[in-house]
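Encoded as structure tokens, the structure appears first; notes follow it.
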Amino acid sequence: MATTTVAQLKDHVDQHVTLQGWLYNSRSSGKLIFLILRDGTGLCQCVIEKGGVPDDLFEQLGRLGQESAVTVTGLCRSEARSVGGYELAVTDARIVGPATDYPITPKEHGIDFLMKNRHLHLRSQRQWCIGKVRHTVIDAIRRFFNDNGFVLVDTPIFTTIAGEGEQTLFEVDYFGRKLHLTQTGQLYLESAAMAYGKVYCFGPTFRAEKSKTRRHLTEFWMVEPEVAYTDLAGLLELGENFVSYIVERVLADNRPQLEELGADIASLEKIRPPFYRLTYTEVVDILTSDRAAKFMADQQVQFETRKAEIEQRITEIEAQDKKGGLKKWQQEKNARELIELRGELAEVDVKIENNPKHAQLAADFRWGKDLGGSDETIISMMHDKPVFVTHYPREAKAFYMRTDRTNDAVVENFDLLAPAGFGEIIGGSVREDDYGRLLGRVHDEGYAPEDYEWYLDLRKYGSVPHGGFGLGVERTVAWISGEKHIRQCIAFPRMMDKVYL
Ligand code: 4AD
Ligand code: MG
């Protein structure tokens, strides 16, 4: 008898097989037990008939607690109505590791509770789907660069210099010397780009971010390509090809997971080059325009309408439940729908509260500030494909960005905003390649020039125009999955106020 996995059942129709997994869910009707088995590759309904297995086993299986480890043997049948499309007619089973009172039940749990139980929460369907998408995103990232002539260079995690501003550095005591956890591999990567031409680094990155938003972790994964002999146009082209490739791979490999997650597949299918290109100055004009004001007012109306719809549906379901006489499955279905509706209602309420504030912030926006999260959200909501925003004010950006030689007030940089309100997933730039200008910027920032000596050296020995960008993995996974908070997009998230396990 072949031991196989749920994912492989398609090759075993009408054969006897054994599956090894955990009990996801079960129901019983006296003569029949339906076990939904979860084995890490998928879900499969296993049907046990009374008399089909020894009586004591039948009785034990009927009482089996959620998440008990169990192996089941049976005949694999094609069954379109079953989850995954196959079903097992069980002839034998073995309880490997029983579980009683599994803490995470199908009822609603608060996010704090789920995060405290993250070690178990990873088994839930939604988390599992997100994890599968993340796996594909990471595989696609490596494949893209490896297939396009980039050399992987691993940059250090203990660093002596700041890349992205000293406010977000984590300090470590390195044998009595103060070092930092890396915020970016970029500066090291620039030196490697002069050795190999096209390079990338990929690893965990640390920022002592004081913000507790849905877009910020203190430890996140970032991939950074760096290219010698390129310019802003070359970087934008690389960025749009790269992001389109990642999305294409997830659509090819994870369509069932995207469906289960409720991701916006139709809009993901539109992710193809070219992306929109706007300058920062154009973005400021949009934010302060009547068009944006009208867009925000329309949004408010849509939120209010949706709120009314949800409230009405909740009232209907509650009336049904109160009336009584519902079958168990109908009660369960109603309970699930109520959880979802109440969750969505809470979200819509937040939007209704925040939308006017964001509209005001946008209307009051003045040239010179960095774009805030809400400004990015507005621009990205107003577009159906990702938007490159280029040429930010020099004052608002990192010291290493190349000053635009035609306009000293701006730098040759870009952010990429994902559509549908998601916001920034990439930040990048052309690097200042002129020794004198770069030294000036190091001084302006108040950095100690001796710390940056090696970095400045790159501008002394064969300096060339070059640049690159960084893509945040968790933000990319969240955007593609349609998940709002990036803490769900890494197995064990670290945030400013919370480290659970
Ligand atoms: O825009 P950032 O800060 O750019 C850099 O670090 C450059 N040195 C990259 C480069 O040019 N090589 O960060 C790049 C991306 C952001 O767009 C975002 O996706 C992600 O990293 N990111 C974060 N993700 C989660 N939590 C945080 N606190 C993040 N900060 C940045
Ligand atoms: Mg950025």
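Condition check ((1) in contact with a His (Cβ under 9 Å, 6 or more places away or on another chain); (2) closer than 23 Å to Glu474 by Cα; (3) within 16 Å of ligand 1 (Cβ to nearest atom)) across all residues:
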{"site": "Leu120", "(1), (2), (3)": "no, yes, no"}
{"site": "Ile130", "(1), (2), (3)": "no, yes, yes"}
{"site": "His135", "(1), (2), (3)": "no, yes, no"}
{"site": "Arg143", "(1), (2), (3)": "no, yes, no"}
{"site": "Thr155", "(1), (2), (3)": "no, yes, yes"}
{"site": "Phe170", "(1), (2), (3)": "yes, yes, yes"}
{"site": "Thr182", "(1), (2), (3)": "no, yes, yes"}
{"site": "Glu190", "(1), (2), (3)": "yes, no, yes"}
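Consider Ser463 carefully, then state whether it is hydroxyl-bearing (Ser, Thr, Tyr), within 16 Å of ligand 2 (Cβ to nearest atom) and either buried (at least 23 other Cβ atoms within 10 Å of the Cβ) or touching a residue at least 12 places away in the same chain (Cβ under 8 Å) (or both). Give the derivation first.
Numbers: hydroxyl-bearing (Ser, Thr, Tyr): yes; within 16 Å of ligand 2 (Cβ to nearest atom): no; either buried (at least 23 other Cβ atoms within 10 Å of the Cβ) or touching a residue at least 12 places away in the same chain (Cβ under 8 Å) (or both): yes.
When the stated conditions are applied, Ser463 does not pass them.
A quick yes/no check of all residues on (1) within 16 Å of ligand 2 (Cβ to nearest atom); (2) open to solvent by 60 Å² or more (accessible area, probe 1.4 Å); (3) modelled with pLDDT of 95 or more; (4) of a type in the set (Gly, Ala, Ser):
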{"position": "Asn407", "(1), (2), (3), (4)": "no, yes, yes, no"}
{"position": "Gly421", "(1), (2), (3), (4)": "no, no, no, yes"}
{"position": "Gly427", "(1), (2), (3), (4)": "yes, no, yes, yes"}
{"position": "Arg431", "(1), (2), (3), (4)": "yes, no, yes, no"}
{"position": "Gly440", "(1), (2), (3), (4)": "no, no, yes, yes"}
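If I ask for residues that are of a type in the set (A, V, I, L, M) and within 16 Å of ligand 2 (Cβ to nearest atom), which ones from the range 190-212 would you list?
Restricting attention to the range 190-212, the residues satisfying the condition of being of a type in the set (A, V, I, L, M) are 192-195, 199, 208.
Residue satisfying the conditions is Ala208 alone.
Could you say which residue among Ile352, Ile339 is surrounded by 15 or more Cβ atoms within 10 Å (Cβ to Cβ), more than 30 Å from Ser429 (Cβ to Cβ) and outside the structural domain of Tyr392 (by TED's automatic domain parsing)? Steps first, please.
Working: Ile339 fails: surrounded by 15 or more Cβ atoms within 10 Å (Cβ to Cβ).
Testing whether each residue is surrounded by 15 or more Cβ atoms within 10 Å (Cβ to Cβ), more than 30 Å from Ser429 (Cβ to Cβ) and outside the structural domain of Tyr392 (by TED's automatic domain parsing) leaves just Ile352.
Is it true that some residue in the range 470-492 is away from ligand 2 (no atom under 15 Å from the Cβ), over 27 Å from the mean Cα position of the chain (by Cα), among the aromatic types (Phe, Trp, Tyr) and within 21 Å of Ala208 (Cβ to Cβ)?
No, the range 470-492 contains no residue that is away from ligand 2 (no atom under 15 Å from the Cβ), over 27 Å from the mean Cα position of the chain (by Cα), among the aromatic types (Phe, Trp, Tyr) and within 21 Å of Ala208 (Cβ to Cβ).
Look through Ala335, Ala346 and report the one residue that is without any contact (Cβ under 8 Å) to a residue 40 or more places away in the chain and under 30 Å from Thr315 (Cα atoms). Talk me through it step by step, then tell me what you get.
Values: Ala335 fails: without any contact (Cβ under 8 Å) to a residue 40 or more places away in the chain.
It is Ala346.
Report yes if Glu209 is in contact with a Lys or Arg (Cβ under 9 Å, 6 or more places away or on another chain), near ligand 1 (Cβ under 9 Å from one of its atoms) and not in a helix (DSSP H, G or I), otherwise no. Working first, answer last.
Details: in contact with a Lys or Arg (Cβ under 9 Å, 6 or more places away or on another chain): no; near ligand 1 (Cβ under 9 Å from one of its atoms): yes; not in a helix (DSSP H, G or I): yes.
No.
If you go through the range 310-331, how many residues are surrounded by 14 or more Cβ atoms within 10 Å (Cβ to Cβ) and within 18 Å of Glu353 (Cβ to Cβ)?
Total satisfying the criteria: 1.
Consider Ala193 against the criteria (1) in contact with a strand residue (DSSP E or B) (Cβ under 8 Å, 6 or more places away or on another chain); (2) open to solvent by 20 Å² or more (accessible area, probe 1.4 Å); (3) on the phi < 0 side of the Ramachandran plot: it satisfies all of them except one. Which criterion is unmet?
(2)
Restrict the check to the range 138-150 and report whether at least one residue is more than 16 Å from ligand 2 (Cβ to nearest atom), outside any helix (DSSP H, G or I) and surrounded by 15 or more Cβ atoms within 10 Å (Cβ to Cβ). Quick ask: steps written out before the conclusion?
The first filter runs over the range 138-150 and keeps only residues more than 16 Å from ligand 2 (Cβ to nearest atom), leaving 138-150.
From the residues that got through so far, the ones that are outside any helix (DSSP H, G or I) too are 148-150.
Within this subset, residues satisfying the condition of being surrounded by 15 or more Cβ atoms within 10 Å (Cβ to Cβ) are 150.
Yes, that holds for at least one residue.
Name the residues in the range 421-455 that are in a loop (DSSP other than H, G, I, E, B) and away from ligand 1 (no atom under 16 Å from the Cβ), would you? Before the answer, list the steps.
Step one: filter the range 421-455 for residues in a loop (DSSP other than H, G, I, E, B), giving 421-422, 432-434, 445-448.
Once the filter is applied, which keeps residues that are in a loop (DSSP other than H, G, I, E, B) and away from ligand 1 (no atom under 16 Å from the Cβ), the range 421-455 yields Asp434, Gly446, Ala448.
Say whether the condition of being touching a strand residue (DSSP E or B) at 6+ places or on another chain (Cβ under 9 Å), under 30 Å from His466 (Cβ atoms) and surrounded by 14 or more Cβ atoms within 10 Å (Cβ to Cβ) is met by at least one residue in the range 283-290.
Yes, because at least one residue in the range 283-290 is touching a strand residue (DSSP E or B) at 6+ places or on another chain (Cβ under 9 Å), under 30 Å from His466 (Cβ atoms) and surrounded by 14 or more Cβ atoms within 10 Å (Cβ to Cβ).
Restricting attention to the range 74-84, report how many residues are open to solvent by 20 Å² or more (accessible area, probe 1.4 Å) and more than 12 Å from Leu35 (Cβ to Cβ). Step through it out loud before you land on a result.
As a first pass, look at the range 74-84 and keep what is open to solvent by 20 Å² or more (accessible area, probe 1.4 Å): 75, 77-81, 83-84.
Those still in the list that are more than 12 Å from Leu35 (Cβ to Cβ) too: 75, 77-81, 84.
Number of matching residues: 7.
What do you reckon, is Arg394 closer than 24 Å to Ser211 by Cα and in the same structural domain as Asp264 (by TED's automatic domain parsing)? It would help to see each step written out before you state the result.
Values: closer than 24 Å to Ser211 by Cα: yes; in the same structural domain as Asp264 (by TED's automatic domain parsing): yes.
Yes.
Mind listing just one residue for me: the one in the range 91-137 that is β-branched (Val, Ile, Thr) and exposed (fewer than 13 other Cβ atoms within 10 Å of the Cβ) and, of those, farthest from Gly40 (Cα to Cα)? Before you say what the answer is, go through the steps one by one.
We begin by selecting, within the range 91-137, every residue β-branched (Val, Ile, Thr); these are 91, 95-96, 100, 104-105, 111, 130, 133, 136-137.
Filter again for exposed (fewer than 13 other Cβ atoms within 10 Å of the Cβ), leaving 96, 100, 105, 111.
Values: Val96: 16, Thr100: 20, Thr105: 18, Ile111: 23 Å.
My answer is Ile111.
The values are calculated or read from the model by the stated rules, or taken from the named source; none is laboratory data. What you see is a predicted model; the values in this text were computed from it and never measured. Here the Cβ is made from the backbone with ideal geometry for all residues, glycine too, and neighbour counts use every protein chain on show. For accessibility, only protein heavy atoms count, side chains too; no ligands or nucleic acids. Shrake-Rupley method; radii C 1.70, N 1.55, O 1.52, S 1.80 Å.
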